[in-house]
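The values are calculated or read from the model by the stated rules, or taken from the named source; none is laboratory data. No experiment lies behind these values; they were computed from the predicted model shown. A quick note on method: Cβ atoms are made from the backbone with ideal geometry, for glycine too, and the neighbour counts reach across all protein chains shown. These area figures cover heavy atoms from the full protein model, side chains too; ligands, DNA and RNA do not enter into them. Shrake-Rupley method; radii C 1.70, N 1.55, O 1.52, S 1.80 Å.
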Amino acid sequence: MAVACCQWHLDAEALCAALLHDTIEDCGVCSDQISQLFGPAVARLVDGLTKLDQIAFRNREEAQAESFRKMLLAMADDVRVILIKLADRLHNMRTLGVVSPAKRRRIAQETLEIYAPIAHRLGLNEVFREFEDLCFAGLYPNRHLVLSKALKASRGNRKEIVTKLLAAVREQLPRFDLVAEVSGREKSIYSVYTKMREKGLSFAEVLDIYGFRVLVDSVSDCYVAMGAIHALFSPSPGRFKDYIALPKSNGYQSLHTVVIGPQGTPLEFQIRTHEMHQLAEAGVAAHWLYKEADENVTPLQRKAHEWMQTLISTQTQDPSEFFEHVKIELFPDVVYVLTPKGEIKELPRGSTPVDFAYSVHSDVGNRMVGALINGEARPLDTELHSGDTVRIETRPHATPHPGWLGFVRTARARSEIRHTLKSGTRERSIGFGQRLLEHAVRALGAEGLHDPGLQWSQLFHENAADSPEALYESIGLGHTLAHVAARRLVPLVSMGHERPLSDAAKAALALSVAHLTTPESSLTIHGNEGPAVQYAPCCYPIGGDKAVGNMRGGSGLMIHRASCPTARRQRSKDAARWTDIAWSDNLMRSFETRLVIEVADGAGVLAKVASAISSADANIVDLTIQPRGTGFAFLQVAVEVRDRKHLADVLRQVRASAVVSKAVRLTRSTVPPPSSSQPRPSL
């Protein structure tokens with residue numbers, strides 16, 4: 001382990017920490033002792049490497065997540081922490097043969113998923129390739145053995161071909177006034193295996209086992225060398241990558257090109273300067289000391305620091321979610337996307353405009369409502385490609401949609417969406433629960449939640465909630481019934497004497513105790529309650545309807561139309577959970593409702609109906625056609641409206657269309673019977 005740190009040219013403090021990395025965990029030595037003997041810097045490094053075994057965790061995954069979390073915090077301050085950790089893991093992998101098969105597979109899988117990508121992101125390509133081969137041997141020893149023998153046998157068969165190719169390239173480059181170092185390299189066993197598995201090839205069908213590297217003195221020489229190689233061999237279309245102009249996320253720079261060699265064999269060339277090669281092989285270890293204010297900070301150091309800060313910013317309390325974020329951020333394939341001002345944003349392959357928005361700023365992501373990709377409006381789940389220019393459209397009061405979690409790619413976007421949804425849901429639930437409880441205590445004669453006579457301590461003693469906010473949230477989500485909590489807050493007898501309540505209040509309280517709790521006043525809905533209030537799909541209530549609400553445990557308030565048969569049936573069984581609903585004069589949302597429209601069968605009818613609905617400033621969200629076989633058809637259209645007045649405007653516009661013979665709001669009595677045997681109309 002310390003030998004690897006020496007090879008990476010780490011300093012004396014790092015070497016001391018490497019030698020002492022297990023002392024706190026295994027030898028009972030404390031951090032203060034290390035600090036006294038070797039200095040505070042060494043103690044900080046060792047502490048950052050120490051696992052948290054002294055804390056009792058629920059399971060191994062949680063312990064692993066906490067250890068990794070601690071290491072991330074330490075390495076964000078000093079990258080030597082992760083370099084020492086990688087050296088330690090490299091030593092563990094090299095000695096993996098002495099452990100049990102189950103432990104060997106577990107360590108190899110963890111290394112392949114976490115530590116190999118970290119090495120890649122930090123530019124430690126030699127370590128990355130060795131990790132992959134060692135993990136392959138640990139996970140699939142038989143496959144590794146067979147492929148190793150096959151590669152060894154192929155070396156003799158292909159040695160002469162490789163020698164001739166190297167000679168041809170070395171003769172070609174001086175003709176372009178280039179001084180270059182040319183070498184051939186054999187692909188790693190794991191990369192050969194990955195190609196065989198992904199493309200379904202046999203070993204004999206994998207032709208590009210060898211690659212070639214050209215090292216030159218300057219960036220301009222890189223492009224001249226590429227031209228010289230293309231003059232010698234025909235380039236393969238679409239197989240050229242310029243990582244010099246657009247470096248990889250780990251700072252890697254090089255030109256990659258694939259050419260067609262003798263007998264049609266594809267040959268890969270990597271062309272880079274000597275300095276680029278040093279960084280490609282040693283990565284951040286080549287210049288490990290990072291100081292943000294230092295003018296000599298390399299792009300690789302800056303990218304490594306930014307990436308570590310990104311990992312820290314996506315930490316969550318859930319260990320499995322945290323590791324999911326880490327693995328997403330370690331995914332090496334990237335795309336380069338442009339902002340409208342020409343700034344380049346680097347995102348994982350498969351990213352969407354939502355990922356792009358959150359990479360700009362969390363507020364941009366939280367407020368986005370649409371996206372323009374290369375000047376065209378596109379869905380938010382569109383996959384971005386390198387070179388795309390993305391413009392995000394926002395609105396001040398917009399919020400993330402839970403459906404975004406199904407397609408976002410970056411850990412930052414996923415973490416921000418979850419955090420915003422969770423905090424927004426809690427805030428809305430608290431506000432709504434507070435209104436419900438205020439409504440309930442006033443119905444019992446109290447002056448409101450500020451009434452000094454309310455028995456909060458008694459309520460907390462009997463309820464799981466330990467604060468008013470926790471109680472409001474529980475009520476808003478339907479876990480606690482507001483009228484039950486109100487009876488605890490407004491008792492008939494308080495501190496040995498009767499509360500000075502009015503006769504009407506006492507009568508209301510008596511009815512409440514008898515579970516006949518139907519208050520005369522209604523609960524007002526504003527439309528901004530979020531998930532705490534839902535609207536029943538059996539009757540599709542909208543603003544202005546005569547409505548009732550049902551407090552469902554864990555699901556908040558479900559609103560039905562008062563005429564809904566389902567609501568009437570459920571209310572007769574448990575009246576205590578129901579309340580009348582009133583609507584605010586300024587509703588802050590749209591409502592979905594259904595229309596049944598009878599139309600004449602003919603070409604262009606559907607477009608005319610849609611145009612009528614659109615002219616009333618309503619949005620169609622769903623549509624089904626039910627043919628009748630009589631020259632007429634029924635359309636069942638789901639539309640979004642603001643309230644009953646808006647719905648009336650929509651129906652008026654639809655009925656004015658010449659192709660419409662009838663248009664009504666959907667109720668159970670207006671659903672036309674389906675006719676599967678009739679042909680579909682030509683709408």
Problem - Number of the condition not met by residue 599 [criteria: (1) in a strand (DSSP E or B); (2) open to solvent by 40 Å² or more (accessible area, probe 1.4 Å); (3) out of contact with any Gly (no Cβ under 9 Å at 6 or more places or on another chain)] - result: (2)
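Keeping to segment 106-119, report how many residues are touching a residue at least 60 places away in the same chain (Cβ under 8 Å) and either open to solvent by 60 Å² or more (accessible area, probe 1.4 Å) or in contact with an Asp or Glu (Cβ under 6 Å, 6 or more places away or on another chain) (or both).
Taking segment 106-119 and keeping what is touching a residue at least 60 places away in the same chain (Cβ under 8 Å), we get 113-114, 117-119.
Subsequent filtering for residues that are either open to solvent by 60 Å² or more (accessible area, probe 1.4 Å) or in contact with an Asp or Glu (Cβ under 6 Å, 6 or more places away or on another chain) (or both) retains 113.
Residues meeting the conditions: 1.
Listed here are the residues, each with its yes/no results for (1) at pLDDT 75 or above; (2) more than 20 Å from residue 233 (Cα to Cα); (3) out of contact with any Asp or Glu (no Cβ under 6 Å at 6 or more places or on another chain).
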| position | (1), (2), (3) |
| --- | --- |
| 156 | no, yes, yes |
| 177 | yes, no, yes |
| 187 | yes, yes, yes |
| 193 | yes, yes, yes |
| 199 | yes, yes, yes |
| 209 | no, no, yes |
Exercise for the section: Would you be able to tell me the number of residues in segment 378-388 that are open to solvent by 50 Å² or more (accessible area, probe 1.4 Å) and of a type in the set (Ser, Thr, Tyr)? Expected result: 1
Fill in the blank from the handout: Picking from 415, 423, the residue that is within 22 Å of the chain's Cα centre (by Cα) and either modelled with pLDDT of 80 or more or assigned to a loop (DSSP other than H, G, I, E, B) (or both) would be 415
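Quick grid of which residues meet (1) out of contact with any strand residue (DSSP E or B) (no Cβ under 9 Å at 6 or more places or on another chain); (2) modelled with pLDDT under 85; (3) open to solvent by less than 40 Å² (accessible area, probe 1.4 Å):
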| site | (1), (2), (3) |
| --- | --- |
| 250 | yes, yes, yes |
| 254 | no, no, yes |
| 261 | no, yes, yes |
| 267 | no, yes, yes |
| 273 | no, no, yes |
| 278 | yes, yes, no |
| 284 | yes, yes, yes |
| 290 | yes, yes, no |
| 293 | yes, yes, no |
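Do we find that residue 352 is more than 19 Å from residue 416 (Cα to Cα), at pLDDT 90 or above and of a type in the set (Ser, Thr, Tyr) in this structure? Step through it out loud before you land on a result.
Numbers: more than 19 Å from residue 416 (Cα to Cα): no; at pLDDT 90 or above: yes; of a type in the set (Ser, Thr, Tyr): yes.
Judged against the criteria, residue 352 is not a match.
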Completion exercise
Picking from 613, 625, the residue that is crowded, with 19+ Cβ neighbours inside 10 Å, in contact (Cβ under 8 Å) with a residue 12 or more places away in the chain and in contact with a Leu (Cβ under 9 Å, 6 or more places away or on another chain) would be 613
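Can you tell me which residues in segment 58-105 are of a type in the set (D, E, K, R), at pLDDT 85 or above and either surrounded by 20 or more Cβ atoms within 10 Å (Cβ to Cβ) or within 18 Å of residue 190 (Cα to Cα) (or both)? So that I can check it myself, show each step before the final result.
Within segment 58-105, the subset of a type in the set (D, E, K, R) is 58, 60-62, 66, 69-70, 77-78, 80, 85, 88-89, 94, 103-105.
Cutting the leftovers down to at pLDDT 85 or above gives us 88-89, 94, 103-105.
Listed by number, the residues that qualify are 89, 94, 104, 105.
Test of understanding: among 365, 375, 403, which residue is open to solvent by less than 40 Å² (accessible area, probe 1.4 Å), out of contact with any helix residue (DSSP H, G or I) (no Cβ under 8 Å at 6 or more places or on another chain) and at pLDDT 80 or above? Write out each step before concluding.
Numbers: 365 fails: out of contact with any helix residue (DSSP H, G or I) (no Cβ under 8 Å at 6 or more places or on another chain); 375 fails: open to solvent by less than 40 Å² (accessible area, probe 1.4 Å).
Criteria check complete, one pass: 403.
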Fill in the blank from the handout: Reported set for segment 7-32 where residues are part of a helix (DSSP H, G or I), at pLDDT below 80 and surrounded by fewer than 16 Cβ atoms within 10 Å (Cβ to Cβ) is 7, 25, 26, 27
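What number of residues within segment 120-132 satisfy the criterion of being under 14 Å from residue 190 (Cβ atoms), in contact with a Ser or Thr (Cβ under 8 Å, 6 or more places away or on another chain) and open to solvent by 10 Å² or more (accessible area, probe 1.4 Å)?
Of the residues in segment 120-132, the ones under 14 Å from residue 190 (Cβ atoms) are 120, 125-132.
The next check asks that each one be in contact with a Ser or Thr (Cβ under 8 Å, 6 or more places away or on another chain); those that pass are 129, 131-132.
Next, from what is left, pick out any that are open to solvent by 10 Å² or more (accessible area, probe 1.4 Å): 129, 132.
Residues flagged as under 14 Å from residue 190 (Cβ atoms), in contact with a Ser or Thr (Cβ under 8 Å, 6 or more places away or on another chain) and open to solvent by 10 Å² or more (accessible area, probe 1.4 Å) within segment 120-132 amount to 2.
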Problem - Inter-residue pairs, beta-carbon under 6 Å, first aliphatic (A, V, I, L, M) and in segment 388-409, second open to solvent by 70 Å² or more (accessible area, probe 1.4 Å), 6+ apart - result: 398/367
Exercise for the section: Name the one entry in 544, 554, 549 that is in a loop (DSSP other than H, G, I, E, B) and at pLDDT 80 or above. Expected result: 544
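Restricting attention to segment 649-660, which residues are open to solvent by 40 Å² or more (accessible area, probe 1.4 Å) and modelled with pLDDT of 90 or more? Walk me through it before giving the result.
We begin by selecting, within segment 649-660, every residue open to solvent by 40 Å² or more (accessible area, probe 1.4 Å); these are 649, 652-653, 655-656, 658.
649, 652, 653, 655, 656 - these are the residues of segment 649-660 that are open to solvent by 40 Å² or more (accessible area, probe 1.4 Å) and modelled with pLDDT of 90 or more.
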